[in-house]
1. Around residue 31, what is the net charge, scoring Lys/Arg as +1 and Asp/Glu as -1 over all other residues with Cβ under 12 Å from its Cβ?
2. Note down the net charge around residue 161, summing +1 for each Lys or Arg and -1 for each Asp or Glu among other residues with Cβ under 15 Å from its Cβ.
3. For P(r) over Cα pairs in 5 Å bins from 0, in percent, several values are listed as (1) 1, 10, 19, 22, 18, 13, 9, 5, 2, 0; (2) 1, 8, 15, 17, 17, 13, 10, 7, 5, 3, 2, 1, 0, 0; (3) 1, 9, 18, 22, 23, 17, 8, 2, 0, 0; flag the one computed from this structure.
4. Select from the chain the helices, each a whole stretch of DSSP H, whose alpha-carbon atoms run 27 Å or more along the helix axis and whose Kyte-Doolittle mean is at least 1.0; answer none if there are none.
5. Roughly what would the spin-label model give for residue 158 and residue 26, points 7 Å off Cα along C-beta, in nm?
6. Need the full-extension length gain, residue 92 to residue 35, defined as separation in residues times 0.36 nm minus the C-alpha distance. One decimal, nm.
7. Could you tell me the center-to-center distance, by alpha carbons, between the range 86-162 and the range 30-50 in angstrom?
8. Tell me what the chain gives for mean residue ellipticity at 222 nm when only DSSP H runs of n ≥ 4 count, each as -39,500 (n - 2.57), the sum divided by the residue total, rounded to 500 deg cm²/dmol.
Amino acid sequence: MAAGVRRYDPERRQRIIDAAIRVVGAKGIAGLSHRSVAAEADVPLGSTTYHFKTLDDLLVAALRQANEAYAPAWAPRAGEGLAGALARLLGELLAAAGRGRAELEYELYLAALRRPALRPVAAEWLESVTGALAEHTDPVTARALVAVMDGISLQVLLTGADYDEPYAREVLGRVLRSV
């Protein structure tokens, strides 16, 4: 190929987003730069800045993809109830094998505290989860359930403690019984 000729690469933008997620997973948001993502994606540095003018643009795309990828089947099983289904789901998310994924998603989610560009995507995620739960309870209780699940998840991730499913089921059940 002659110098200066642009090669058509329809998957490049997606590869850059995937690379950003891997970089954040390995090094945290502090390790994210256009250069680190370009190296991880094996693309020229200019490709990352062409598709994503700022790191916030790249983080928005990564957070949106993480949100879309997270669509677990959490419907209650026979006799399980909503509290049991949600406690089981948390257990699946916080299992040792998947903890890295949960840490990545929370790091991206919490980055919205300091990066206002991420706040709309974090809010979309909160509304989608709350909306899904509101199909099983009222909207206020749905928001309370999300808050409890986030709190339990963060406590487990931050302390390295084992996830206690019976405890989560009890706490979620108390929220549901308070209605």
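1. Residues close to residue 31 contribute a combined charge of +1.
2. -3
3. (2)
4. 139-159
5. Using points 7 Å along Cα→Cβ, the separation is 2.8 nm.
6. In short, 17.1 nm is gained.
7. So the separation of the two Cα centres works out to 28 Å.
8. Helix-only estimate at 222 nm: -21500 deg cm²/dmol.
Since every read-out is calculated from the coordinates, none of them should be taken as a lab result. If you're wondering where the values come from, they're calculated on a predicted model, not measured in any experiment. Cβ sites come from the backbone with ideal geometry, for glycine too, and all protein chains shown count toward neighbours.
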